[in-house]
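What follows is a set of notes on a single structure, which appears directly below.
The values are calculated or read from the model by the stated rules, or taken from the named source; none is laboratory data. This structure is a prediction, so every number in the text was calculated from the model and none was measured. Glycine also receives a Cβ, built like all others from the backbone with ideal geometry; neighbour counts cover every protein chain displayed. All accessible areas refer to the heavy atoms of the entire protein, side chains included, with ligands and DNA or RNA removed. Shrake-Rupley method; radii C 1.70, N 1.55, O 1.52, S 1.80 Å.
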Amino acid sequence: MKVDASGSLPFKDVSSKHWARSAIAWGYEQGIVQGNQNNNFLPEAKVTEAEFLAMVVRAYSDELSVRNAAKGEKWYRPYFDLATDKQWYIYGYNVTSQRYHVANLIYTMLKGAYRSDETSIQYLLDTGLSSGKNSATVAGYLPYDQLTRAEAIVFVQRMKSKLPSLSGEPSDRVNTGLRNIKLGDTEAVLLKQLGQPDRKDSSQYSYTWYVYNKKPNQFAMYGVAADKTVVAMYSNARDVWGLDQPIKVGSSYSALTQKIGKPADAGANGYVEHKANGVVTNYYLDANADQSVDGILVYAADKLGSANSNQAAVDSGFDRQIFDLTNVFRHKNAVRSQLTWNDKAASAAYSHSKDMYTNKYMDHTNLRGQSPQDRMEAAGLRNFGGGENIAYGYENSFGVYAGWVNSAGHRENMLYEHYRMLGVGSYRTYYTQNFVLPY
């Protein structure tokens with residue numbers, strides 16, 4: 001694609017005096033950007049992460065190979081599969097790119113595993129890939145400003161001019177397993193690699209979950225058996241599964257079926273199960289993101305041990321796991337506020353789950369006519385707004401979380417940016433989430 005002899009662009013909304021005209025012309029000539037059906041570029045429109053990711057990949061098309069979209073597949077899925085396979089830090093196809101999103105994507109492209117938003121931003125400033133928006137500082141970079149299409153192509157042009165090639169393998173990239181831990185590794189290896197867990201939960205069997213939840217983007221759970229070996233692993237974070245894991249969180253349904261074949265139920269239960277060499281892998285799907293993989297559970301089928309008879313301990317573990325999974329879900333969908341645990345909301349949630357189990361009903365209004373608000377007030381909450389998710393029949397925390405992810409109303413509660421607190425209460429196969437917005 002070429003700018004015509006007169007120097008004119010085919011975009012009606014990019015004048016000869018537009019501040020980003022030269023970058024837009026460069027992007028058009030390189031096949032990196034194009035206009036819409038009305039021949040408009042929309043330079044001031046907010047760029048989505050899918051659009052920005054595609055710009056970067058196209059700029060380095062001589063080094064980065066993207067498969068063709070399958071029939072009926074969204075145009076951006078091949079780009080997200082590439083990013084997922086290479087463990088670049090991404091948020092979501094329909095997320096509007098903020099400046100810290102850009103920093104995290106570029107840092108993980110060039111340096112490997114994500115460290116922090118501040119580290120990524122400082123890297124751009126130190127390398128001259130960005131000079132900041134107000135000043136050459138992390139704060140002056142304005143991390144939470146949204147990026148326009150014009151700003152995006154200017155950044156990509158600058159990146160390409162300063163970094164013509166993406167050569168060299170990053171030295172600090174996560175390479176294998178789940179944060180460098182594999183099934184069969186010993187507890188000693190796990191503790192040496194990641195340190196002491198942030199929490200230990202009872203499981204449904206005789207192994208114990210070692211939970212690492214300090215950072216939502218690095219969330220991971222490991223099932224450690226009585227013989228001190230890792231027999232199960234789970235995470236719904238995007239950038240923790242190693243390069244040797246062919247399907248990762250964020251992988252498309254197309255990539256999944258190409259690897260394991262098309263399942264008979266096509267994820268009807270919220271996940272696709274794959275068995276090979278004594279290892280079972282459950283791929284939990286997100287129907288609202290084109291059936292892409294939202295979480296992965298891997299376990300050694302013959303090493304889980306006997307069933308745990310202490311149901312109260314199992315339920316308590318589910319409560320905290322659902323809380324963690326919800327915060328990871330918010331983080332990877334670019335919800336800036338993380339929820340804090342609220343004991344009163346948790347008490348109300350537990351009582352409702354137990355009441356529904358005992359009296360065999362399923363409703364937000366209990367048999368005494370109390371609403372979620374009534375029950376949370378009775379538990380001692382004051383001056384608040386709230387929301388509630390309920391479910392039953394799921395065998396574990398991963399299943400009920402996936403069920404809520406794939407239900408529009410429940411998903412909306414989990415991603416509502418104004419909620420600040422959450423309490424979870426599980427009782428056998430009944431589950432309740434109570435969200436809190438303090439006034």
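Looking across the range 88-140 at every residue that is open to solvent by 10 Å² or more (accessible area, probe 1.4 Å) and β-branched (Val, Ile, Thr), the one that is farthest from Lys162 (Cα to Cα) is identified as Val95. Could you tell me which of the residues Gln311, Gln338 is touching a residue at least 12 places away in the same chain (Cβ under 8 Å) and either within 30 Å of Ser97 (Cα to Cα) or open to solvent by less than 20 Å² (accessible area, probe 1.4 Å) (or both)? Exactly one of Gln311, Gln338 is touching a residue at least 12 places away in the same chain (Cβ under 8 Å) and either within 30 Å of Ser97 (Cα to Cα) or open to solvent by less than 20 Å² (accessible area, probe 1.4 Å) (or both), namely Gln338. Of the set (1) of a type outside the set (A, V, I, L, M); (2) closer than 25 Å to Glu395 by Cβ; (3) free of Cβ contacts under 8 Å to residues at least 40 places away in the same chain, all apply to Gly195 but (2).
Residues checked against (1) under 27 Å from Val66 (Cβ atoms); (2) crowded, with 21+ Cβ neighbours inside 10 Å:
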{"residue": "Gly270", "(1), (2)": "no, yes"}
{"residue": "Ala276", "(1), (2)": "no, no"}
{"residue": "Thr281", "(1), (2)": "yes, no"}
{"residue": "Asp286", "(1), (2)": "yes, yes"}
{"residue": "Ser292", "(1), (2)": "yes, yes"}
{"residue": "Gly295", "(1), (2)": "yes, yes"}
{"residue": "Ala301", "(1), (2)": "no, no"}
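Test Gln321 against the criterion of being open to solvent by 10 Å² or more (accessible area, probe 1.4 Å) and touching a residue at least 40 places away in the same chain (Cβ under 8 Å), and give yes or no. Judged against the criteria, Gln321 is not a match.
Once the range 217-241 is narrowed to residues that are part of a loop (DSSP other than H, G, I, E, B) and of a type in the set (Gly, Ala, Ser), the residue that is farthest from Ala83 (Cα to Cα) is Ala226.
Pairing each residue of the range 382-396 that is touching a residue at least 40 places away in the same chain (Cβ under 8 Å) with any residue that is open to solvent by 10 Å² or more (accessible area, probe 1.4 Å) and assigned to a strand (DSSP E or B), provided the two are 6+ apart or on different chains, yields C-beta distances under 8 Å for Asn383/Pro438; Phe384/Leu437; Phe384/Pro438; Gly385/Leu437; Gly386/Leu437; Ile390/Tyr430; Ala391/Tyr430.
In the set Thr208, Thr176, only one residue is buried (at least 18 other Cβ atoms within 10 Å of the Cβ) and touching an Asp or Glu at 6+ places or on another chain (Cβ under 9 Å); that residue is Thr208.
Residues of the range 243-279 that are among the basic types (Lys, Arg) and free of Cβ contacts under 8 Å to residues at least 24 places away in the same chain: Lys259, Lys262. For the range 242-261, which positions are assigned to a loop (DSSP other than H, G, I, E, B), farther than 17 Å from Leu178 by Cβ and touching a helix residue (DSSP H, G or I) at 6+ places or on another chain (Cβ under 9 Å)? Residue satisfying the conditions is Ser252 alone. The number of residues in the range 176-208 being hydrophobic (A, V, I, L, M, F, W, C) and more than 21 Å from the chain's Cα centre (by Cα) comes to 5.
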